[in-house]
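Beneath this line is the structure, given in structure tokens, with notes to follow.
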């Protein structure tokens with residue numbers, strides 16, 4: 001009997017993704033329409049890939065958030081977080097629903113001004129405020145949230161030189177039980193830095209301290225953290241009242257409210273793990289109402305939520321370019337959008353739906369983008385019906401950050417459409433062209449010379 005050739009044993013990794021008590025979920029629910037508009041007609045008219053925003057969902061979200069907080073607390077003001085999605089059409093919807101603007105750069109500040117918002121409804125956050133923009137904000141009576149001592153001293157000096165008395169707050173960082181702490185922004189609560197900054201403002205007389213601000217993190221899954229933050233801000237506001245006889249006009253709890261997207265590595269889907277806005281509102285308002293302020297002294301509660309109000313109003317539509325098998329046998333599907341457009345796929349397991357009926361056969365697959373980079377992965381593992389070239393897909397809950405953090409890398413950025421309250425699509429940002437990209441470039445004369 002001939003001896004068989006030796007083959008060393010191999011352990012092959014199974015790529016089924018994380019399972020929970022419900023087993024492995026198959027993404028086979030077809031989404032053929034967005035707000036009654038056929039996905040395929042949108043792709044035919046505006047091209048693939050394509051971002052789509054739902055005006056109806058935007059208005060529903062902000063109206064619901066106002067209802068939740070105002071039924072618990074008498075004085076509430078939302079300020080739309082421009083960095084989350086600063087498309088003018090999106091910002092205008094939130095401003096029409098009563099939201100102020102929260103901006104973190106001069107670029108965003110001027111966007112808010114151009115969107116027709118009065119200066120006293122713009123909150124200027126962030127560590128990078130030039131003298132020019134500080135003066136502009138002060139003259140416009142905007143709320144300037146001071147981030148560090150250098151900014152504090154600069155603003156005092158500018159106020160003296162230009163005979164201004166801007167309305168200011170200080171940003172405060174603190175330990176709320178969430179780690180790593182967001183302590184690179186603002187003045188620390190625990191070590192007394194925040195109180196020291198307050199003291200300097202009150203003694204300087206050039207600034208009008210009207211509020212306190214914090215932003216404790218992003219995609220916050222703990223309501224207790226918000227309760228701690230509210231308590232600390234109330235403590236400082238109370239001490240200011242006791243020490244200086246001044247009632248602050250507002251406390252600003254920032255944002256960080258999570259959407260129902262599923263984080264990578266999560267055992268359960270986001271719909272089962274993230275706290276609702278009702279739960280967050282209870283945690284915040286119970287603390288403020290119970291702190292001891294008289295009814296007429298209750299501060300205005302400002303909230304800068306972005307992600308929770310816009311994520312589920314955004315969709316990304318795309319087309320399958322090709323399918324193949326990887327060396328380990330996995331099925332790979334290549335889409336016409338990748339990390340340059342869908343930046344949030346780095347930390348979310350985005351829900352995807354086919355835009356048309358497919359066969360009953362399903363298989364675990366990896367979804368890649370078109371970029372010539374190995375990290376261009378839309379989903380590392382997903383069970384879907386077998387997609388083929390030309391099939392179209394819809395990515396859910398992409399309204400936050402993708403249209404502000406996207407990159408013009410390898411491919412041009414696509415069209416963006418908003419579907420209005422009458423289910424009519426409107427182009428709200430045109431796709432880039434090569435002429436547009438080249439229009440920003442300059443060619444040195446010596447490179448225009450013909451080569452000998």
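The values are calculated or read from the model by the stated rules, or taken from the named source; none is laboratory data. Keep in mind that this is a model prediction, so the values were computed, not measured. All Cβ positions, glycine included, derive from the backbone under ideal geometry; neighbour counts span all protein chains shown.
Give the residues of the range 260-282 that are part of a helix (DSSP H, G or I) and surrounded by fewer than 17 Cβ atoms within 10 Å (Cβ to Cβ), sorted by residue number.
Within the range 260-282, the first condition is being part of a helix (DSSP H, G or I), and the residues that meet it are 270-273, 277-282.
The answer is 271, 272, 273, 278, 279.
Are any of the residues in the range 243-259 on the phi > 0 side of the Ramachandran plot, surrounded by fewer than 17 Cβ atoms within 10 Å (Cβ to Cβ) and assigned by TED's automatic domain parsing to the domain that holds residue 122?
Applying the first criterion (on the phi > 0 side of the Ramachandran plot) to the range 243-259 yields 245, 254, 256.
Those still in the list that are surrounded by fewer than 17 Cβ atoms within 10 Å (Cβ to Cβ) too: 245.
From what is left, the residues that are assigned by TED's automatic domain parsing to the domain that holds residue 122 are 245.
The answer is yes, given that some residue of the range 243-259 is on the phi > 0 side of the Ramachandran plot, surrounded by fewer than 17 Cβ atoms within 10 Å (Cβ to Cβ) and assigned by TED's automatic domain parsing to the domain that holds residue 122.
The residues on offer are 18, 42, 58, and the sole one that is in a loop (DSSP other than H, G, I, E, B), under 26 Å from the mean Cα position of the chain (by Cα) and either modelled with pLDDT under 60 or buried (at least 16 other Cβ atoms within 10 Å of the Cβ) (or both) is 18.
Looking at this structure, is residue 288 crowded, with 24+ Cβ neighbours inside 10 Å, in contact with a helix residue (DSSP H, G or I) (Cβ under 9 Å, 6 or more places away or on another chain) and not in a strand (DSSP E or B)? Can you show your working first?
Working: crowded, with 24+ Cβ neighbours inside 10 Å: no; in contact with a helix residue (DSSP H, G or I) (Cβ under 9 Å, 6 or more places away or on another chain): yes; not in a strand (DSSP E or B): yes.
It is false that residue 288 is crowded, with 24+ Cβ neighbours inside 10 Å, in contact with a helix residue (DSSP H, G or I) (Cβ under 9 Å, 6 or more places away or on another chain) and not in a strand (DSSP E or B).
Look at residue 239 and say whether it is within 18 Å of residue 172 (Cα to Cα) and in contact with a strand residue (DSSP E or B) (Cβ under 9 Å, 6 or more places away or on another chain). Against the criterion (within 18 Å of residue 172 (Cα to Cα) and in contact with a strand residue (DSSP E or B) (Cβ under 9 Å, 6 or more places away or on another chain)), residue 239 does not qualify. Of the numbered criteria (1) part of a loop (DSSP other than H, G, I, E, B); (2) touching a residue at least 60 places away in the same chain (Cβ under 8 Å), the one residue 232 fails is (1). Regarding residue 152, is this residue over 27 Å from residue 347 (Cα atoms) and touching a helix residue (DSSP H, G or I) at 6+ places or on another chain (Cβ under 6 Å)? Spelling it out, it is not the case that residue 152 is over 27 Å from residue 347 (Cα atoms) and touching a helix residue (DSSP H, G or I) at 6+ places or on another chain (Cβ under 6 Å).
Looking for something assigned to a helix (DSSP H, G or I), within 19 Å of the chain's Cα centre (by Cα) and at pLDDT 95 or above - is there at least one such residue anywhere in the range 68-76? Spell out the reasoning first.
First, the residues of the range 68-76 that are assigned to a helix (DSSP H, G or I): 68-70.
Next cut, within 19 Å of the chain's Cα centre (by Cα) only: none.
Taking every residue of the range 68-76 in turn, none turns out to be assigned to a helix (DSSP H, G or I), within 19 Å of the chain's Cα centre (by Cα) and at pLDDT 95 or above.
Please enumerate the residues belonging to the range 321-344 that are touching a strand residue (DSSP E or B) at 6+ places or on another chain (Cβ under 7 Å) and either in a strand (DSSP E or B) or free of Cβ contacts under 8 Å to residues at least 40 places away in the same chain (or both). Hits for the range 321-344 are 321, 322, 323, 324, 325, 331, 332, 333, 334, 335.
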